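Below is one structure, written out as structure tokens; the observations come after it.
Bear in mind that the values in this text are calculations on the coordinates, not laboratory data. Being a predicted model, the structure only gives us computed values, none of them experimental. Glycine also receives a Cβ, built like all others from the backbone with ideal geometry; neighbour counts cover every protein chain displayed.
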Amino acid sequence: DGGITQSPKYLFRKEGQNVTLSCEQNLNHDAMYWYRQDPGQGLRLIYYSQIVNDFQKGDIAEGYSVSREKKESFPLTVTSAQKNPTAFYLCASRTGFGSPLHFGNGTRLTVT
Amino acid sequence: AQSVTQLDSQVPVFEEAPVELRCNYSSSVSVYLFWYVQYPNQGLQLLLKYLSGSTLVKGINGFEAEFNKSQTSFHLRKPSVHISDTAEYFCAVSYNQGGKLIFGQGTELSVKP
């Protein structure tokens, strides 16, 4: 079945370490997105990419980086510059204009 | 600024009762509207969408929503809820065909026996 795979489901890191969250899709979607979810704050857009080798900052990009070397993959790196990295991270994709987002099951990152 | 407001952060309701989850968006000429559901520790699943056409949209699990342009609203309704409908519900808006999706802050629906 087609879908979006995020791994791992739970991730623990020490403060000051960079960490990369994986997102892979086999839906053949052009556009991919990373959201951060915190209790009571809904979803906030970190980065998005509408085509391979191109990506744009979302509303809260500081402290994060991404790459889009392949259509299927859109990894997110949470750097040590991100002040409050502990959160639930969701990856999504869609075919194009006006289409709904398809979501992965998320990665819960805890930084201590 | 473009925004989406979900008017209730929590909605408790008894099983088999009707429910309405409210969503308002800032005005725009052209909008695309979505409702998503999220179960604990999972991603979001699409419930229904409005792109154009009939203002009453039917979705999965017996949910429906009505697009009201004059009131800039897209409220979600279900005539009779089940325990399994307990989840968080998100309204989302795209303000043009290629635009980002802007999400509301979510409404936690709690269905009690």
Through the Karplus equation 6.51 cos²θ - 1.76 cosθ + 1.60, θ set to phi - 60°, convert the phi angles of the range B:106-113 into ³J(HN,Hα) values in whole Hz; use x for Gly and Pro. x, 10, 8, 8, 10, 9, 10, x
About the Cα centre, charge dipole magnitude for the range A:55-112 (Lys/Arg +1, Asp/Glu -1 at Cβ), debye: 80 debye
Gain in length, B:D8 to B:Q105, computed as 0.36 nm per residue apart minus the alpha-carbon separation, to one decimal in nm? 34.0 nm
So if we plug the beta-carbon distance of B:H82 and A:D38 into 1/(1 + (r/R0)^6) with R0 = 35 Å, what FRET efficiency do we get, rounded to 0.05? 0.75
Which distance in Å, rounded to a whole number, links the C-alpha centroids of the range B:4-77 and the range A:56-88? 29 Å
So what are the ³J(HN,Hα) numbers for the range A:38-49, from phi and the Karplus equation (6.51, -1.76, 1.60; θ = phi - 60°), rounded to whole Hz, Gly and Pro as x? 10, x, x, 10, x, 10, 10, 7, 9, 8, 8, 9
Under a straight-distance cross-link criterion of Cα-Cα below 16 Å, which lysines are reachable from B:K58, leaving out those fewer than 8 residues away in the same chain? B:K49, B:K78
Give, as a single signed number, the net charge of other residues whose beta carbon lies under 10 Å from the beta carbon of B:A17, with Lys and Arg counted +1 and Asp and Glu -1. 0
Run the quick spin-label model on B:K69 and A:T95: label points 7 Å from Cα toward the beta carbon, then report their separation in nm to one decimal. 2.5 nm
Along the Cα→Cβ direction, 7 angstrom out, place labels at A:V52 and A:K70. What is the inter-label distance in nm? 1.0 nm
Check B:Q2: other-chain or 5+ apart residues with amide H under 5 Å from its amide H, H built from backbone geometry? none
Debye calculation, C-alpha points only, no solvent: report log10 I(q)/I(0) for the protein assembly as shown at q = 0.14 Å⁻¹, in the same order as the q values. -0.88
Derived scalar couplings ³J(HN,Hα) [the range A:16-28; Karplus, 6.51 cos²θ - 1.76 cosθ + 1.60; whole Hz; x for Gly, Pro]: x, 9, 7, 9, 10, 9, 8, 9, 10, 10, 10, 9, 6
What percentage of all Cα-Cα pairs in the range A:1-72 are separated by more than 14 Å? 66 percent
